[in-house]
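The values are calculated or read from the model by the stated rules, or taken from the named source; none is laboratory data. Owing to the predicted nature of the structure, the values given are computational and were not obtained by experimental measurement. Glycine also receives a Cβ, built like all others from the backbone with ideal geometry; neighbour counts cover every protein chain displayed.
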């Protein structure tokens, strides 16, 4: 966390909050957040007098565009941006402050202190780490079933770890990979090289459908995520399998099982997602009433997601 839908939601919020604002000064309270340049004084001097002109996204990274510079920001697990009056009391986890000429301030807070910031001359950021080797953008026009198959289809690797690898496709984390694979009816331990053309078509549609619906809902606040205005996402109420171990599959009523695939906790319905030989089996012990309840609710979610996919171009 956060994954593509959450970062996209933050991007949209920041676009409303900071575009057009001019930086008066920068305060760095935790220098290790800065990766390029790593000197707080140099970082601040480069930004003083600059104006934010746009906020864009590449995978899970924010691109904060200024006149002549681009600030690449990775929120990692718990990084947050928020707008405050400049004189407002500081949270103890506030690490970087952009003071604006209008008396407001953009503050970056990070309880876990894993976030990073890289500052580049405009255009250099796309050909330099950490953005240089990122893969397909799943919500852009160039992301097609053929592009997905071409990128991943020849690899003798389980499909879930490939989808999590940001060098092949960006923005997908554990939540949305589990959700998309369930919607596509593909078991996470199937080998990518064994998937058929119809599997790639279903997977492509499921990725776009899941991410589009999650963006529309403002992301998933499974742990501590909030957007730039402190608002929670709502997609966690639509999750089909993630975090629902032992509950009934919303499609067939079979119990959702949890296993480990590629070192990550993985949620699957072995009936909807036929496992390859040697894959983890389903859980058990779901009541008939629970099965019916989750199946009916899940069909409603599926219709909503399918409707979202139909409207995506």
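What are the residues in the range 20-48 that are under 21 Å from residue 112 (Cα atoms) and in a helix (DSSP H, G or I), if any?
31, 32, 33, 40
If you go through the range 12-23 one residue at a time, do you hit one that is touching a helix residue (DSSP H, G or I) at 6+ places or on another chain (Cβ under 9 Å) and under 30 Å from residue 168 (Cα atoms)?
Within the range 12-23, one or more residues are touching a helix residue (DSSP H, G or I) at 6+ places or on another chain (Cβ under 9 Å) and under 30 Å from residue 168 (Cα atoms).
Checking residue 17 against (1) surrounded by 16 or more Cβ atoms within 10 Å (Cβ to Cβ); (2) not in a helix (DSSP H, G or I), which single condition isn't satisfied?
(2) is the only condition that residue 17 fails.
Specify the residue that is surrounded by the fewest Cβ atoms within 10 Å (Cβ to Cβ); the eligible residues are those in the range 145-171 that are on the phi < 0 side of the Ramachandran plot, touching a strand residue (DSSP E or B) at 6+ places or on another chain (Cβ under 9 Å) and in a loop (DSSP other than H, G, I, E, B).
So, considering only residues that are on the phi < 0 side of the Ramachandran plot, touching a strand residue (DSSP E or B) at 6+ places or on another chain (Cβ under 9 Å) and in a loop (DSSP other than H, G, I, E, B), the one surrounded by the fewest Cβ atoms within 10 Å (Cβ to Cβ) is 156.
How about the range 213-262: which of its residues are modelled with pLDDT of 90 or more and farther than 21 Å from residue 164 by Cβ?
246, 247, 248, 249, 250, 251, 252, 253, 254, 255, listed by residue number.
Consider residue 57 carefully, then state whether it is assigned by TED's automatic domain parsing to the domain that holds residue 83, out of contact with any strand residue (DSSP E or B) (no Cβ under 6 Å at 6 or more places or on another chain) and either within 18 Å of residue 115 (Cβ to Cβ) or in contact (Cβ under 8 Å) with a residue 40 or more places away in the chain (or both).
yes
Does the range 133-142 contain any residue that is assigned to a strand (DSSP E or B) and in the same structural domain as residue 34 (by TED's automatic domain parsing)?
no
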